[in-house]
């Protein structure tokens, strides 16, 4: 398998990956780093434990911020969605808490700097947007960013679990992926609904 990287003028810089056909990426990495498959599985297990520890913390961070987002929202439909997110996040905390003791090594809670940054943006949105309409639309955008981040993060943990053949972890994580994907679709539709409800449907 070979992947090429090109310069701005289109000329080829060289191969990024180049290993024999039929050889897996994991196998190629094992050969290049002189590590056994068992070594790589241990590394993957450690990374999975770190990911789950961050997921647990990110859900708790979001749970602490959602009441503020709910109070700041003015549109009734948006308030209802944030209430659903509060319930969903509480359920996710319980699910991920179960995962914390199911990995080897066990997970340790670790501050999620990505979520911290996004929630700082939410705080600024609330403080800087005096207009209810502007604030609502900005809050929807912020919630969508958070949801997309969570989908990606849970998908990574799910895929690692699948590689490690931890079907029990994988199934729990897939359930959260489904929840977050559904919430992302709901938020995507909400912008148009809020826009129309404020008398701007003729502009769509």
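Read the figures in this text as sums done on the coordinates, not as results from a lab. Values in this document were obtained by computation on a predicted structure and should not be read as measured data. Cβ atoms come from the backbone with ideal geometry, glycine included; neighbour counts cover every protein chain shown.
Taking packing as the residue-averaged number of other Cβ atoms within 10 angstrom, the listed peptides 37-48, 61-72, 138-149 run from highest to lowest as 138-149, 61-72, 37-48.
Here the calculated FRET efficiency for residue 71 and residue 193, from their Cβ-Cβ distance with R0 = 25 Å, stands at 0.75, rounded to the nearest 0.05. Length available on full extension from residue 79 to residue 171: 0.36 nm per residue minus the Cα-Cα distance, which gives 30.1 nm.
Would you please put 102-112, 121-131 in order of how densely packed they are, using the mean number of other Cβ atoms within 10 angstrom per residue and starting with the highest?
Numbers: 102-112: 15.8, 121-131: 13.7.
Descending packing order for the listed peptides: 102-112, 121-131.
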